[in-house]
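This report concerns only the one structure given below.
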Amino acid sequence: MKRIVYREWRVPPARYWSLLGILASVIGVAALAFAYMEHEGHWVTGMSNSVVWGVPHVFAVFLIISASGALNVASIGTVFRKPLYKPLGRLSGLLAAALLVGGLLVLVLDLGRPERLVVAMTTYNFRSIFAWNIFLYTGFMAIVIAYLWSMADRKGDPYNRAIGIVATFWRLALTTGTGAIFGFLVARQAYDAAILAPMFVVMSFAYGLAIYMLVLMFSFKEDDRPIGNRILFRLRNLLGIFVLSVFYFTLVYHLTKLYGAKNYDLVGWLLLDGGIYTFLFWVGWVLIGGLIPLGIIYHPIHGRDRNWIAAACGLVIVGGLSSLYVIIIGSQAYPIQMFPGQTILESGFFDGVQGAASSYSPRIPEVLLGFGGVAVALLVTAVGVRVLQFLPESLADEVMPPDEEASGRAAVGAQA
Amino acid sequence: MTDHHESNTGPAECGPSQPDRRTFMATAAGVTAALVAPGVIMHSVAGPRTEAVTSDVRWGLLVDTAKCADGCSACIEACDRENGLDLQTQPSGAQPTRWENQKSVWIRKVKLQDNQTGRVTNLPLMCQHCEHPPCVDVCPTGASFKRADGIVLVDRHTCIGCRYCMMACPYKARSFVHEVMSNQLTRVPRGKGCVESCTLCVHRRDYGEESTACVDACQAAGHEAIIFGDLKDPESPIRMRLAELASRQIREDLALNTGVRYAGF
Amino acid sequence: MAKAVVRAGLVAVGLAWALIAQVALAAEMKTYVVAGSQAATLDSCVEPTDIMRRKHMEFIQHQRDKTVHGGIRSSKHSLSGCVDCHVRDEPDGEAVPIHQKQEFCGACHAFTAVNLNCFDCHAAVPKGPGAALASKAAYQAVGLEQSPRAVSDGKEH
């Protein structure tokens, strides 16, 4: 084992600046989209009084939970004492901060009165889980910055583990809180389930790791830095476990709902009869986000191929966006059950006449805003790795530390 | 009823500073008032409110669905006129079907049929003014609040337009203002980017009027299906009627103790 | 030492400026009240003019919380009062929205580049029944019974 050396990302300037240019133009277009929505009002979006949170929230929540998921890699290294993961820690912290910035931007720019952000930061209602989340997000940012310092600065090293432990608990609180934003809503049948909180935690593991792996593989490939199979396969196996865990929680969520007679209609609608939501559940969430990646990860040949692994990560991300689309938007589209045992014949406000779901189709500006958040996260990451020493020179097998702190290679694979 | 319960706004029981003001006004009325300007002249009728509302009253509605006529929309039209919702215009370029779902609706009619018995019920549905409103719990800034007299309101000055209250409301009672507004009524400020809902005609409460626009309209239409009043006063018409009629809350299972009660279904 | 000199110099400049400003104000006594508004016919606002210029936003903000949360509608510091009295009527009787660039609120806010967002939600002209009730306390504070508009409109309800 050698000392791990971190170096700035040294891709050729032309390549670096064109990457930055692409990201900046996506951000620019998103800024225009925001200006348009802010100027006109939300009528230019697909959101309505029935489906009040739309695609921007899908992106925002996806980025926010992925942020805490991306930090896992660092946590495994410091908190769970896996030296093998230590060289990955800095990028993990950077990516976590960047994804959070991207997600929060989308969330904030979709507000009806974004210029009143200062009100949100100064006036709190502590009964609101949403207000708690504001603290969880800002605190997360501060802790991640401290964490990065403790990883990068020799003086910070003694505090590294302590900060790492705080960060781990904080990120768990953050995703629990984000899940609770939905899980605590008693009004809407599909939300009202505490299991959404741990489910969001597990989803964050999977989606954050998938993003992390893609960024790692892309940045190393561009800069001709080696990644050894040892670490790559460890990450791949971990992703497999996380995707399986998402499946497990999805199953339990539906079983929970299915057990009560009052939810028969809801589950029936979601799984069989919900149009785009049914499609996104089965094809997006289950097939693309679950079965296919698992097939790749555990395939004896494809599972060892880097392109296939990258494809699996990409599919998990697509599946993640689909799952949040179903959870966030589908749950709103399903009519609120105000009158159990009654059928609504007529309504002046789309109360689910004859059980009909509310319609929602995203408009271009809100989709662009979502992409803008992704681009901001990637831009922050790209600039970060370029100007500071986030990326190790090499993750080749021979330079990597042992898997376990004391007992050498005895526990290979125990993690997975 | 109003006299009984708003007596604290009447001349007899004003706060400690009020009597000074009034004696002053009596002696120095007219021109000098312009200079020192304590400003408040009490009216024998319940005029504009001078003291903060208290929890001595709790405003509420009782809807007798048996009297709510199929096809009648008097309450909705009255509400729209009262609160300037009839001044909403579809933005040019908006798709009509989507706009229908984006414009503000404070009260709507719902027609139900019992799946087992086939019995049909009509009722108006609006903010239920819960004692424990979920919208107030979830609002991150505290803009969504319950006034001491039980009215659930949005303080548009601190509403950031996050719409979490709309996610949390079990009655889908709230609307988000999706478009730029320019022709508001003086008594009902409303504008782009904030959430709003039925205020139980809060301006009428504060100027000491008897009832709400929907109640008046329902009465004028000859149905008298809605009664407005103080749920805390056992002598009030609404309480007397509630004592006679079997009534229920919508989503009683949530134990929100709604201020709007329904009878007859 | 040098620091002290600089500080003393700054204080002196500040004092001189304040003095000049005072004199200049006293000399001008320029009014910004718009001709054609009710306010142009009155001697004073609900508070002395210089106080209104500096503190009107505090008055309005303080009053707004009392109104929204406490339901108090009897304050002379009501925005409805501002609008009713200061809005300019066209010769045909049509009131011009008060936040427009040439009007009472809009002109000054445009000049000072202070964002004016009251009228995102609030009516920029007295509108609808009840408008006279809302401005009544402010009018009474300056010695009028109620908005002359209410009289000419006839019934307020």
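The values are calculated or read from the model by the stated rules, or taken from the named source; none is laboratory data. What you are looking at is a predicted structure, and each value in this text was computed from that prediction instead of being measured. Positions of Cβ are generated from backbone atoms using ideal geometry, with glycine treated the same way; all protein chains shown enter the neighbour counts. Heavy atoms of the whole protein, side chains included, go into the accessibility calculation; ligands, DNA and RNA do not. Shrake-Rupley method; radii C 1.70, N 1.55, O 1.52, S 1.80 Å.
Take B:Thr186 and tell me if it is without any contact (Cβ under 8 Å) to a residue 60 or more places away in the chain, among the hydroxyl-bearing types (Ser, Thr, Tyr) and under 21 Å from A:Met37 (Cα atoms). Lay out the reasoning, then the answer.
Working: without any contact (Cβ under 8 Å) to a residue 60 or more places away in the chain: yes; among the hydroxyl-bearing types (Ser, Thr, Tyr): yes; under 21 Å from A:Met37 (Cα atoms): no.
Spelling it out, it is not the case that B:Thr186 is without any contact (Cβ under 8 Å) to a residue 60 or more places away in the chain, among the hydroxyl-bearing types (Ser, Thr, Tyr) and under 21 Å from A:Met37 (Cα atoms).
Which residues, taken from the range B:129-152, are open to solvent by less than 10 Å² (accessible area, probe 1.4 Å), at the interface with another protein chain (Cβ under 7 Å from one of its Cβ atoms) and within 22 Å of B:Leu61 (Cα to Cα)?
Within the range B:129-152, just B:Arg147 meets the criteria.
Of everything in the range B:198-222 that's out of contact with any Asp or Glu (no Cβ under 7 Å at 6 or more places or on another chain) and on the phi > 0 side of the Ramachandran plot, which residue is farthest from the other protein chains (Cβ to nearest Cβ)?
B:Gly222
If you go through the range C:89-102, how many residues are within 14 Å of another protein chain (Cβ to nearest Cβ) and touching a helix residue (DSSP H, G or I) at 6+ places or on another chain (Cβ under 9 Å)? Steps first, please.
Start the filter on the range C:89-102 by keeping residues that are within 14 Å of another protein chain (Cβ to nearest Cβ), which leaves C:94-100.
Of the ones still in play, those that are also touching a helix residue (DSSP H, G or I) at 6+ places or on another chain (Cβ under 9 Å) are C:95, C:97-100.
Counting residues in the range C:89-102 that are within 14 Å of another protein chain (Cβ to nearest Cβ) and touching a helix residue (DSSP H, G or I) at 6+ places or on another chain (Cβ under 9 Å) gives 5.
Which one of A:Val101, A:Val119, A:Val108 is of a type in the set (A, V, I, L, M), assigned to a helix (DSSP H, G or I) and touching a residue at least 60 places away in the same chain (Cβ under 8 Å)?
Values: A:Val119 fails: touching a residue at least 60 places away in the same chain (Cβ under 8 Å); A:Val108 fails: touching a residue at least 60 places away in the same chain (Cβ under 8 Å).
Just one listed residue meets the conditions, A:Val101.
So that you can scan it fast, the table gives a plain yes or no per residue for (1) facing chain B (nearest Cβ under 9 Å); (2) modelled with pLDDT under 95; (3) under 20 Å from A:Ala210 (Cβ atoms); (4) surrounded by 24 or more Cβ atoms within 10 Å (Cβ to Cβ):
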position	(1), (2), (3), (4)
A:Leu63	no, no, yes, yes
A:Gly69	no, no, yes, yes
A:Val79	no, yes, no, no
A:Lys82	no, yes, yes, no
A:Tyr85	no, yes, yes, yes
A:Gly102	no, no, yes, yes
A:Val106	no, no, yes, yes
A:Ala120	yes, yes, no, no
A:Asn125	yes, yes, no, no
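Looking only at the range B:201-217, count every residue that is surrounded by fewer than 24 Cβ atoms within 10 Å (Cβ to Cβ), assigned to a loop (DSSP other than H, G, I, E, B) and not small (Gly, Ala, Ser) and tell me the total.
3
Restricting the search to the range A:173-200, which residues are assigned to a helix (DSSP H, G or I), free of Cβ contacts under 8 Å to residues at least 40 places away in the same chain and hydrophobic (A, V, I, L, M, F, W, C)?
A:Ala173, A:Ala197, listed by residue number.
Do we find that C:Glu58 is closer than 30 Å to B:Thr54 by Cα and surrounded by fewer than 13 Cβ atoms within 10 Å (Cβ to Cβ) in this structure?
Numbers: closer than 30 Å to B:Thr54 by Cα: yes; surrounded by fewer than 13 Cβ atoms within 10 Å (Cβ to Cβ): yes.
For C:Glu58, the condition - closer than 30 Å to B:Thr54 by Cα and surrounded by fewer than 13 Cβ atoms within 10 Å (Cβ to Cβ) - is met.
Consider A:His57 against the criteria (1) of a type outside the set (Asp, Glu); (2) within 14 Å of chain B (Cβ to nearest Cβ); (3) open to solvent by 20 Å² or more (accessible area, probe 1.4 Å): it satisfies all of them except one. Which criterion is unmet?
(3)
Please count how many residues of the range B:47-88 are within 12 Å of chain C (Cβ to nearest Cβ), within 14 Å of B:Ile107 (Cα to Cα), part of a helix (DSSP H, G or I) and touching a residue at least 60 places away in the same chain (Cβ under 8 Å).
Total satisfying the criteria: 3.
Condition first: surrounded by fewer than 17 Cβ atoms within 10 Å (Cβ to Cβ) and basic (Lys, Arg). Can you find one or more residues in the range C:84-101 that meet it?
yes
Taking C:Gly9 as the residue in question, decide whether it is small (Gly, Ala, Ser) and at pLDDT 90 or above. Write out each step before concluding.
Values: small (Gly, Ala, Ser): yes; at pLDDT 90 or above: no.
Spelling it out, it is not the case that C:Gly9 is small (Gly, Ala, Ser) and at pLDDT 90 or above.
Yes/no matrix, rows are residues, columns are (1) open to solvent by less than 10 Å² (accessible area, probe 1.4 Å); (2) in contact with a Ser or Thr (Cβ under 7 Å, 6 or more places away or on another chain); (3) more than 7 Å from every other protein chain (Cβ to nearest Cβ):
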| site | (1), (2), (3) |
| --- | --- |
| B:Gly118 | no, no, yes |
| B:Asn122 | no, yes, yes |
| B:Val154 | no, yes, yes |
| B:Arg190 | yes, no, no |
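Please work out if A:Arg386 is basic (Lys, Arg), under 30 Å from A:Val186 (Cα atoms) and touching a residue at least 24 places away in the same chain (Cβ under 8 Å).
Working: basic (Lys, Arg): yes; under 30 Å from A:Val186 (Cα atoms): no; touching a residue at least 24 places away in the same chain (Cβ under 8 Å): yes.
In short, no.
Scan the range A:357-383 for residues that are among the aromatic types (Phe, Trp, Tyr) and either within 14 Å of another protein chain (Cβ to nearest Cβ) or without any contact (Cβ under 8 Å) to a residue 40 or more places away in the chain (or both) and jot them down. Reasoning before the result, please.
Going through the range A:357-383, the residues among the aromatic types (Phe, Trp, Tyr) turn out to be A:360, A:371.
Passing the criteria: only A:Tyr360.
Among the candidates B:Thr65, B:Thr50, which residue alone is modelled with pLDDT under 95, of a type in the set (Val, Ile, Thr) and either open to solvent by less than 30 Å² (accessible area, probe 1.4 Å) or in contact with an Asp or Glu (Cβ under 8 Å, 6 or more places away or on another chain) (or both)?
Numbers: B:Thr65 fails: modelled with pLDDT under 95.
Just a single option satisfies the conditions, and that option is B:Thr50.
Restricting to the range B:106-116, and then to whatever is within 17 Å of the chain's Cα centre (by Cα) and outside any loop (DSSP other than H, G, I, E, B), can you tell me which residue is farthest from the other protein chains (Cβ to nearest Cβ)?
Per the criteria, the residue is B:Ile107.
How do the pairs read when you match residues in the range A:134-160 that are touching a residue at least 40 places away in the same chain (Cβ under 8 Å) with residues anywhere that are basic (Lys, Arg) and surrounded by 14 or more Cβ atoms within 10 Å (Cβ to Cβ), using Cβ under 8 Å and keeping only pairs 6 or more apart or on different chains?
Going by the 8 Å Cβ cut-off, the qualifying pairs are A:Phe140/A:Arg171; A:Leu148/A:Arg90; A:Met151/A:Arg90; A:Ala152/A:Arg90.
State whether the residues of the range A:354-377 include one that is surrounded by 18 or more Cβ atoms within 10 Å (Cβ to Cβ), modelled with pLDDT of 95 or more, touching a strand residue (DSSP E or B) at 6+ places or on another chain (Cβ under 6 Å) and on the phi < 0 side of the Ramachandran plot.
Checked against the condition, which is being surrounded by 18 or more Cβ atoms within 10 Å (Cβ to Cβ), modelled with pLDDT of 95 or more, touching a strand residue (DSSP E or B) at 6+ places or on another chain (Cβ under 6 Å) and on the phi < 0 side of the Ramachandran plot, the range A:354-377 yields no hits at all.
Would you confirm, using the coordinates I've provided, whether C:Ala138 is crowded, with 24+ Cβ neighbours inside 10 Å, at the interface with chain B (Cβ under 9 Å from one of its Cβ atoms), in contact (Cβ under 8 Å) with a residue 40 or more places away in the chain and not in a helix (DSSP H, G or I)?
Here the answer is no, as C:Ala138 does not meet what is asked.
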